[in-house]
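The values are calculated or read from the model by the stated rules, or taken from the named source; none is laboratory data. These figures come from a predicted structure and were not determined experimentally. Here the Cβ is made from the backbone with ideal geometry for all residues, glycine too, and neighbour counts use every protein chain on show.
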């Protein structure tokens, strides 16, 4: 198993956080991992992304030009990263902020209204967790339970934040699972 992923959006959307959670969950699963952030000088409001590699063998580079999947949280991110995803890969699209469908037909596209779902659960700030859950549900790359554990460790002592994010992760996971059968032949 070797998965190269790109997670992208605006600074402040929690892109780097979900990348770290995924990387730490991969470590807990016994995988080799890398996590590499990239962001512009603007920080909050500017674009940012990170690359996560999860593998059962040694990782040669944290850089990817053809990821197996991507989570895109805003329009600029889908425009930039959709063309790079390998055919048959997974593209999670935040339809709350992206006003166009994916162009490619050779991808497993998981549309999720991440901001809306997170807002209904208690805070739009947890949209990143909805998107991460959708990716986990569609890909099965790591167990959502491992992500929940890392989330609880990361926000220890802030139970309301942990609870909200775990609810949003679960809601996204349920959506993503509807796309999992398409992964069976991959």
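Identify, from the list 107, 146, the residue that is closer than 24 Å to residue 180 by Cβ, surrounded by fewer than 24 Cβ atoms within 10 Å (Cβ to Cβ) and in contact (Cβ under 8 Å) with a residue 60 or more places away in the chain.
Criteria check complete, one pass: 146.
Tell me, please, whether a residue that is without any contact (Cβ under 8 Å) to a residue 24 or more places away in the chain and in contact with a strand residue (DSSP E or B) (Cβ under 8 Å, 6 or more places away or on another chain) can be found in the stretch 4-18. Can you show your working first?
To start, the set of residues in the stretch 4-18 that are without any contact (Cβ under 8 Å) to a residue 24 or more places away in the chain comprises none.
No - not one qualifying residue is present in the stretch 4-18.
Results for (1) under 19 Å from residue 177 (Cβ atoms); (2) at pLDDT 95 or above; (3) surrounded by fewer than 23 Cβ atoms within 10 Å (Cβ to Cβ); (4) under 14 Å from the mean Cα position of the chain (by Cα), shown as yes or no for each residue.
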| position | (1), (2), (3), (4) |
| --- | --- |
| 94 | yes, yes, no, yes |
| 98 | no, yes, yes, no |
| 111 | yes, yes, yes, yes |
| 114 | yes, yes, no, yes |
| 117 | yes, yes, no, no |
| 124 | no, no, yes, no |
| 127 | yes, yes, no, yes |
| 137 | yes, yes, no, yes |
| 152 | no, no, yes, no |
Notebook entry, point to check: Out of all the residues in the stretch 79-87, is one or more closer than 20 Å to residue 17 by Cβ and buried (at least 20 other Cβ atoms within 10 Å of the Cβ)?
Noted result: no
